[in-house]
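Please read the structure below before turning to the comments.
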Amino acid sequence: GAGVSQTPSNKVTEKGKYVELRCDPISGHTALYWYRQSLGQGPEFLIYFQGTGAADDSGLPNDRFFAVRPEGSVSTLKIQRTERGDSAMYLCASSYSRDSAIEELFFGEGSRLTVL
Amino acid sequence: AQKITQTQPGMFVQEKEAVTLDCTYDTSDPSYGLFWYKQPSSGEMIFLIYQGSYDQQNATEGRYSLNFQKARKSANLVISASQLGDSAMYFCAMRERGSQGNLIFGKGTKLSVKP
């Protein structure tokens with residue numbers, strides 16, 4: 001497909017487990033973003049990649065959260081020792097570049113994480 | 001201080017009528033962009049409309065228009081001729097040129113269109 005693809009769409013895990021969420025951005029988009037959306041809230045920024053490097057990871061809540069984008073395309077958000085408070089929708093977005101306030105972000109359908 | 005404020009947690013509108021969703025923002029960056037996204041129950045964020053801080057005219061996209069009042073720092077979304085499919089969460093967002101380009105979202109407004 002031509003849009004941002006996120007897998008899995010739903011993930012249920014137990015407290016303390018490790019989770020990986022995958023994002024496949026639109027082809028040619030150099031900028032990739034991860035957001036977290038809790039129920040009833042707007043998306044909150046986690047991390048932003050320009051190419052392979054994390055240009056801004058200031059939104060990651062703690063060191064249990066980590067993200068990579070080794071080849072500048074697909075990105076994986078990794079959560080270690082999951083906690084119940086990590087339960088949320090994790091949204092990935094991409095854009096052609098970040099070097100403009102105009103560029104809209106194209107979002108995937110999200111990965112809903114539930115930690116029991 | 002909140003960067004994006006949406007004061008209406010929920011709104012109702014009759015089908016075929018117009019509705020205005022409020023958004024105010026706070027920034028000291030002279031260059032910024034304002035966005036509205038729609039999020040249906042499926043979860044995907046759908047881009048609706050964009051307004052740049054230097055744009056002289058209000059943005060319009062089909063049934064969507066943005067009432068941009070720069071001095072008041074407001075960017076209200078107007079949906080004309082509401083349809084049942086417009087029922088969704090609506091988020092206002094801002095992107096500052098001086099930041100890394102991240103979108104900052106408001107808490108959203110849930111719009112319900114009544115038949």
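Rule-based calculations on the coordinates, nothing more; no lab input. The structure presented is a predicted model; accordingly, all values stated were derived computationally and were not measured. All Cβ positions, even for glycine, are placed from backbone atoms using ideal geometry, and neighbour counts span all protein chains on display.
Descriptive notes on the structure:
- Pairwise FRET efficiency - A:SER27 versus B:GLN56, Cβ, R0 = 45 Å, nearest 0.05: 0.85
- For chain B, the number of Lys pairs with C-alpha atoms closer than 13 Å, counting only pairs eight or more positions apart or on separate chains, is 5.
- The charge dipole of chain B, taken about the Cα centre with unit charges on the Cβ atoms of Lys, Arg (+1) and Asp, Glu (-1), comes to about 140 debye, rounded to the nearest 20.
- Cβ-based charge dipole, the range A:1-107, positive-most Cα from A:GLN80, A:GLY51, A:ALA67: A:GLN80
- Here the Gaussian network model covers chain A, with springs between Cα atoms less than 10 Å apart; of A:SER97, A:SER73, A:SER58, A:SER58 fluctuates the most.
- Length-normalised contact order of chain A in % [C-alpha pairs under 8 Å, at least 6 apart]: 37 percent
- Relative protection proxy for B:106-112, A:31-37, A:105-111, from highest mean packing down: A:31-37, A:105-111, B:106-112 (other beta-carbon atoms within 10 angstrom).
- When the convex hull of its Cα atoms is viewed from all sides, the range A:10-59 shows a mean projected area of 4.8 nm².
- Peptide A:104-110, shielding by other chains (average Cβ, 10 Å cutoff): 6
- Selected from A:GLY85, A:GLY51, A:GLY59 as most flexible by GNM, with chain A as the system and alpha-carbon contacts under 10 Å: A:GLY85
- Remark: mean inter-chain Cβ contacts per residue of A:34-42 equal 4, using a 10 Å Cβ-Cβ cutoff to other protein chain atoms.
- Averaged over the residues of peptide B:2-11, the number of Cβ atoms from other protein chains lying within 10 Å of each residue's Cβ is 0.
- Taken about its Cα centre, the protein assembly as shown carries a charge dipole of about 500 debye when Lys and Arg each add +1 at the Cβ and Asp and Glu each add -1 at the Cβ.
- Measure of compaction for the protein assembly as shown (Cα Rg per 2.2 N^0.38 Å): 1.01
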